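Read the structure below first, then the notes.
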Amino acid sequence: MPPYPHGYQGQAAIGAFLGASAAWRRGRRYELVPTRANAQPAFGCYLEDADAPVARAAGLIVLTVRAAHLAGITRFMDPDVFRVFGLPPTTPAAH
């Protein structure tokens with residue numbers, strides 16, 4: 001399961017990623033479901049479906065933590081990885 005070419009290392013890159021993500025999702029709700037990947041914190045990311053009362057699997061976000069600090073983010077854009085982590089393909093949308 002290679003990562004999509006979205007890996008961010010260091011404070012500047014992580015900050016830019018988070019800023020761009022916030023701007024992109026404007027007006028869209030998403031849900032994060034916690035899990036673990038390679039002993040690191042991870043989240044299944046679900047985007048709200050505008051046509052149904054669910055949020056659909058959109059990708060997996062894995063955080064790299066070193067010395068109690070966020071050192072990197074790797075994003076897997078393939079929703080098929082949810083199966084590997086026991087995450088459902090949809091969740092009820094929070095309204």
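The values are calculated or read from the model by the stated rules, or taken from the named source; none is laboratory data. Note that the coordinates shown come from a computational prediction; the quantities given were computed from them, not determined experimentally. As a convention, Cβ positions derive from the backbone with ideal geometry for all residues, glycine included, and neighbour counts pool all protein chains shown.
Go through the stretch 56-80 and give me each residue that's in a loop (DSSP other than H, G, I, E, B), of a type in the set (A, V, I, L, M, F, W, C) and free of Cβ contacts under 8 Å to residues at least 24 places away in the same chain.
Correct list: Ala67, Ala68.
Determine if the stretch 13-36 includes at least one residue that is over 10 Å from the mean Cα position of the chain (by Cα), modelled with pLDDT under 90 and in a strand (DSSP E or B).
No, the stretch 13-36 contains no residue that is over 10 Å from the mean Cα position of the chain (by Cα), modelled with pLDDT under 90 and in a strand (DSSP E or B).
Take Pro88 and tell me if it is in a loop (DSSP other than H, G, I, E, B) and either modelled with pLDDT of 90 or more or surrounded by 15 or more Cβ atoms within 10 Å (Cβ to Cβ) (or both).
yes
Report yes if Thr91 is touching a residue at least 60 places away in the same chain (Cβ under 8 Å) and of a type in the set (Ser, Thr, Tyr), otherwise no.
When the stated conditions are applied, Thr91 passes them.
Evaluate the following for Arg83: is it surrounded by fewer than 16 Cβ atoms within 10 Å (Cβ to Cβ) and either modelled with pLDDT under 85 or outside any loop (DSSP other than H, G, I, E, B) (or both)?
Criteria met by Arg83.
Filter the stretch 37-55 for residues that are over 18 Å from Val81 (Cα atoms), at pLDDT 85 or above and either in a loop (DSSP other than H, G, I, E, B) or among the aliphatic types (A, V, I, L, M) (or both) and give the result.
If the condition is that a residue be over 18 Å from Val81 (Cα atoms), at pLDDT 85 or above and either in a loop (DSSP other than H, G, I, E, B) or among the aliphatic types (A, V, I, L, M) (or both), then Asp49, Asp51, Ala52, Pro53, Val54 are the ones that fit.
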